[in-house]
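Each remark here refers to the structure printed beneath this line.
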Amino acid sequence: MVGLATVFGSGAMTNSIPEIENNDLLFVIGSNTKENHPIVALRMMKAARKGAKIIVADPRRVPLVRFAHIWMQQRPGTDVALLNSMMHVIVKEGLMDKDFIVFRTEGFDQEFLKGLDEFTPEVGQKITGVPKEKIIESARLYAGASSPGIYYTMGITQHSHGTDNVFCIANLGLMTGSLGKESSGVNPLRGQNNVQGSSDMGCSPNMYPGYQKLTISTIKEKFETLWGAKLSDREGMTATDMLSAAEAKELRAMYIMGENPVLSDPDMAHTVKALGALDFLVVQDIFMTETAELADVVLPAASFAEKEGTFTNTERRVQRVRKAVSPPGEAREDLWIIAELSNRMGYEMKYPRIEAVFQEMGMAWPAMGGMTYSRLNRGGLQWPCPTQDHPGTPYLFKGGFPRGKGRFTVVKYRPSIEETDEQYPFILTTGRELFHYHTGSMTRRVDALNKVSPEPFVEINPEDARDMAVEDGAMLRVTSRRGAIELKARLSKRPDRGVVFIPFHFKEAAANVLTNSKALDPFCKIPELKVSTVRIEKV
Amino acid sequence: MMVTLTIDGRSIKVRDGSTILQVSREHDFYIPTLCDDPRLEPYGGCRLCLVQIKGMPRPVTACTTPVTEGMNVETTNEEIEGLRRTIVELLLSDHPTDCMICEKAGDCTLQELAYFYNLRENRFEGERRQYSGSDGNPFIERNMEKCILCGKCVRVCNEVQGVSAIEIAYRGFSAKVCPPFEKDLDCEFCGQCVSVCPTGALMGKISMGKGRQKDIEKVESICPYCGCGCNITLHVARNEVIRVSSRPESLNEGWLCVKGRFGFRFNSSPDRLKHPLIKRNGRFEEASWDEALDYVAERFGEIKEKHGADAIAGLSSARCTNEENYLFQKFLRAAVGTNNIDHCARY
Ligand code: SF4
Ligand code: SF4
Ligand code: SF4
Ligand code: FES
């Protein structure tokens, strides 16, 4: 979420889930909300029942399309062109919020306007495949709404130009002044249950908890005092860099807590090789995952139902989980494991209660400083919540942006790194489906879920299937420049012709054997999981 | 616009447009209901919510009648209670009396009402609906002999979930709730219908036979799957999570998706890791915590000494708590001495 943080100074959902039902226009781009954020989707449908219009922009006919007023089926990887041509229309027709632009933003200048010039609806149509009438109508609807919300997720960020996509979305929100108000904003929906929290807590190579940059010496000093330790001022490696460094023998040991990069990261062969090159790998998890198999030491952890603590959801709401059952065998809470390890390494961690950790978090990051476990008992609190009497913050930027003014960014359209050719004529996009979750290490151990969704599949448009004489359920081999997997065909009108979709939950045909780990967003190093090219053959 | 009305002798000022039932609930007047749910459109099907309005010839249903200026409502009197008792009695006359083995016993609105109206004998004993066949879907047990046709499941599926997987088919005595053409249920399996059913007609299959309502301890928690952060209530019996529900007043209004509602069995999976493991000669061997932790600390120490702290890196998880994530990065930064820390969920 680097993109939003750069232009606003804070990179989280600007509004709350309950506010969704009062949007009068919802622009949902690159998010299969009904399957990936089902409860957010219920609020969207509630908004529609109250009279709101929904615009969906997605290369696949996702289930929310059924409730949409307009569906724009852009070609994968062409979001910048789509958004720029919507903005072109807004500027040309003078639908901007001029006061907002003058008083609350910067960068709405000649250069920015020139950047939009070429993106006429006609050009937009040519690049994205979306009819220009739809682009024009969507732009008018968005700009004309009084409480519009934009919602997006991985479909926007998992590209080699993911940050550009986010900049475009921010530009759109700023241009129409649809920010800093109730039910009006720019909302990245976070995938896993505590993505927000793990970013907030500083699990990132260049920031301490609370997005505080470690290169600023006063901040480093603050943490040195709080933790009573000398800290390094060298920025660390991103997850993607770690793997390359491991291969190059620059990195020797890794400690992986609760993640399964072998399945979740692109280019599985590369991940396995990199982790194999380490001198020492420790994995802490609740199951023997594909990554744990490679470890030298595996530490059994407690699940969410076996411990106390807090999660932060996609709308910045910090909420409590509580211990309901005891962990199996000798499995222990991650907290206990980390503290024990730290003590053995000579850095003492002693917390009489778990809430003592939470209190320290509040000292490290004032935005959570006003929270206590007992205050969280009634429905949680949304950060920022700096003092004990602060009610929490349902929507952001009421009085202005943390960085002062919201910033417009000139964004050029760059095609995705892999483009189709004769050898690899199909575009592959990956994602999740309703009945499974992430790498499946949890859901695939739930019999009932496995029963309704037992096996991997590749979604292919029936017309493409007909051209290749492929029937529903036929075995196909899908090959990319990196590898091949075999799985069943599922004929579906969801993807357009020339596009196929594979969910990445299934280890027996892991989509990330095919995806490209080398195509990175230059800004935040997110790999291009949403667009790679493949060829398809019958087996 | 505000209107003033009287309920059971108390004068109340309320917003125009509310129904008698809404106002009564807000002001703690108890009116029994079976087909109403504040999250759904009013339906007026069960007629249990009958109330008397002074000056009206007959009782009216509180859930569908809007309040008006000067209205004088009686929520209970002998006649109304007699009518309500008869309604419950009629429902019970066509309902299996196997409460002693019913999963829902202890959490069943119909059972509550039978108790409240002390219905021991039934004046209307007669023919009962008999349905054979069971639904082969893996999530939801549908026992239509227990259905009282309140229509809540049909409405929640349509109004809230937008799926319309079930309908009320046939009329009169043979009316029943089922998927079109009485096929097996094939839907999103969100279980919204299960959560609103006032009887044991719809139950979660994976919870069957796992524990009586009275033995259950309820623990408030958060769904471990996606970032919506739905509030869930874990129902625990014998150190096992046997069911998940959600409170209607929560952030997610009590609604969940299939993963949150039915996806909890991984927790008690036999595959769970139970012991620390150390790989020796390519094979994992069980170890004690002391052994494993000492070994990890020693190896990290060696590597740090030989190659520097930046030769060590950590990946944390979007599935772990804030506290764990906080301590994990603190461990790497303060104990190991590196900023090599990231989480996969940047993707
Ligand atoms: S489980 Fe959900 S989708 Fe299926 S019938 Fe019930 S309410 Fe409808
Ligand atoms: S199945 Fe339950 S919710 Fe549905 S109509 Fe019957 S009693 Fe009501
Ligand atoms: S119940 Fe479904 S929508 Fe809610 S948090 Fe869990 S996975 Fe997400
Ligand atoms: S609750 Fe009013 S008729 Fe059922």
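Computed from the coordinates by the stated procedures, all read-outs in this text should not be read as laboratory data. Fair warning: this is a prediction, and the values are worked out from it, not measured in the lab. So basically every Cβ, Gly included, is an ideal-geometry build from the backbone, and we count neighbours across all protein chains shown.
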TODO: Over all alpha-carbon pairs in segment A:4-189, figure out the percentage whose distance exceeds 21 Å.
DONE: 44
Open item on the list: Only Cα pairs within less than 10 Å get springs; with that Gaussian network setup on chain B, which residue of B:Lys104, B:Lys259, B:Lys176 has the largest fluctuation?
Closed with: B:Lys259
- [ ] Straight distance only, please: which lysines reach the Cα of B:Lys54 with their own Cα at less than 23 Å, same-chain residues fewer than 8 apart left out?
- [x] B:Lys13
Open item on the list: Under a crude label model (7 Å from the Cα following the beta-carbon direction), how far is B:Asp271 from B:Glu41 in nanometres?
Closed with: 4.4
Task: Antiparallel DSSP beta bridges within chain B, percent to nearest 5 - done: 85
- [ ] Write out the GluC sites (Glu not before Pro) in segment A:109-138 meeting two conditions: DSSP loop, and at most 16 other Cβ atoms within 10 Å of their Cβ.
- [x] A:Glu118
TODO: Using only alpha carbons, build the gyration tensor for segment B:90-200 and give me the equivalent ellipsoid semi-axes, biggest first, whole Å.
DONE: 25, 16, 13
Open item on the list: Among B:Gly314, B:Gly204, B:Gly263, which one shows the highest mean-square fluctuation when chain B is modelled as a Gaussian network with alpha-carbon springs under 10 Å?
Closed with: B:Gly314
Open item on the list: Quick query: amide H of A:Gln74 versus all other amide H atoms, modeled in the peptide plane; which residues come in under 5 Å with a sequence gap of 5 or more or a different chain?
Closed with: A:Asp58
TODO: Would you mind counting up the charge near B:Val73? Only other residues with Cβ under 12 Å from its Cβ, with Lys and Arg at +1 and Asp and Glu at -1.
DONE: 0
Task: Spin-label pair A:Lys538/A:Ala469, simplified geometry with 7 Å Cα→Cβ offset, distance in nm - done: 0.5
TODO: From other protein chains only, count the Cβ atoms within 10 Å of every residue's Cβ in A:315-324, then give the mean.
DONE: 5
Open item on the list: Sequence gap at least 6, Cα distance under 8 Å: using those rules, report the relative contact order of segment A:4-189 to the nearest whole percent.
Closed with: 31
TODO: Mind grabbing the base-10 log of I(q)/I(0) for segment A:195-382 at q = 0.12, 0.14 Å⁻¹? Debye formula, identical points on the C-alpha positions, no solvent, two decimal places.
DONE: -0.70, -0.97
- [ ] Give me the Debye-computed log₁₀ of I(q)/I(0) at q = 0.05, 0.08 Å⁻¹ for the protein assembly as shown, equal point scatterers on Cα only, no solvent, two decimals.
- [x] -0.30, -0.78
Open item on the list: Between A:Thr387 and A:Glu455, how high is the FRET efficiency from 1/(1 + (r/R0)^6) when r is the Cβ-Cβ distance and R₀ = 56 Å? Nearest 0.05.
Closed with: 0.60
Task: Backbone HN-Hα couplings from phi across segment A:351-368 [Karplus 6.51/-1.76/1.60, Hz, Gly and Pro as x] - done: 10, x, 9, 5, 5, 5, 5, 4, 5, 5, 4, x, 6, 5, 9, x, 4, 10
TODO: Provide the gained length on full extension for the span B:Glu291 to B:Arg171, in nm with one decimal, where the gain is 0.36 nm per separating residue minus the Cα-Cα distance.
DONE: 36.2 nm
Open item on the list: Under the rule of at least 5 residues apart or a separate chain, name every residue whose amide H is placed under 5 Å from the amide H of B:Met71.
Closed with: B:Thr6
Open item on the list: With bins 5 Å wide starting at 0, give me the P(r) of segment B:2-76 over every alpha carbon pair, in whole percents.
Closed with: 3, 18, 32, 27, 16, 4, 0
Open item on the list: More than 29 angstrom separation, counting every C-alpha pair in chain B; what % is that?
Closed with: 56
Open item on the list: Checking the a/c ratio against 1.5 first, then a/b against b/c, what shape does the Cα gyration tensor give for segment A:98-156?
Closed with: oblate
TODO: Quick one: compute the contact order of segment B:61-151, relative version, from alpha carbon pairs under 8 angstrom and 6+ residues apart, as a percent.
DONE: 31
Open item on the list: Distance between the C-alpha centers of segment A:193-226 and segment B:1-59? Whole Å please.
Closed with: 54
TODO: Subtract the Cα-Cα distance of A:Gln110 and A:Glu93 from 0.36 nm times their separation in residues, and report this length gain in nm to one decimal.
DONE: 4.4 nm
Open item on the list: What percent of all Cα-Cα pairs in segment B:183-249 falls into each 10 Å bin, going from 0 up to the bin containing the maximum distance?
Closed with: 18, 49, 29, 4
Open item on the list: Run the simple label-point estimate for A:Arg477 and A:Glu235 please: 7 Å along Cα→C-beta, distance reported in nm.
Closed with: 4.3
Task: Around A:Ala292: net Lys/Arg minus Asp/Glu count, Cβ-Cβ under 11 Å - done: -4
Task: Net charge of neighbours whose Cβ lies under 12 Å from the Cβ of A:Phe506, counting Lys and Arg as +1 and Asp and Glu as -1 - done: -1
Task: Shape category assigned to segment B:214-269 from the gyration tensor of Cα positions, a/c cut at 1.5 - done: oblate
- [ ] For A:Ile54, list long-range residues whose amide hydrogen, built 1.01 Å from N in the peptide plane, is under 5 Å from its own amide hydrogen.
- [x] A:Leu26, A:His69, A:Ile70
TODO: Using R₀ = 25 Å, calculate the FRET efficiency as 1/(1 + (r/R₀)^6) where r is the Cβ-Cβ separation of A:His69 and A:Glu118; round to 0.05.
DONE: 0.35
Open item on the list: Cβ neighbours within 10 Å, averaged per peptide: list B:57-65, B:222-230, B:2-10, A:443-451 in order, most packed at the top.
Closed with: B:222-230, A:443-451, B:57-65, B:2-10
TODO: Report Rg(Cα)/(2.2 N^0.38 Å) for segment A:362-419, keeping two decimals.
DONE: 1.76
TODO: Counting only C-alpha contacts under 8 Å and six or more residues apart, can you give the relative contact order of chain A as a whole percent?
DONE: 17
Task: Fluctuation leader among B:Met56, B:Met144, B:Met208 - chain B, Gaussian network, Cα springs under 10 angstrom - done: B:Met56
Task: In Hz, Karplus ³J(HN,Hα) per residue of segment A:384-397 (6.51, -1.76, 1.60; θ = phi - 60°; x = Gly, Pro) - done: x, 9, x, 10, 4, 9, 7, x, x, 10, x, 9, 8, 6
TODO: Go through A:293-299, B:161-167 and give me the packing order, highest mean Cβ count within 10 Å leading.
DONE: A:293-299, B:161-167
Task: Under Karplus coefficients 6.51, -1.76 and 1.60, residue-wise ³J(HN,Hα) of segment B:299-307 in Hz, glycine/proline x - done: 5, 4, x, 4, 5, 4, 4, 7, 10
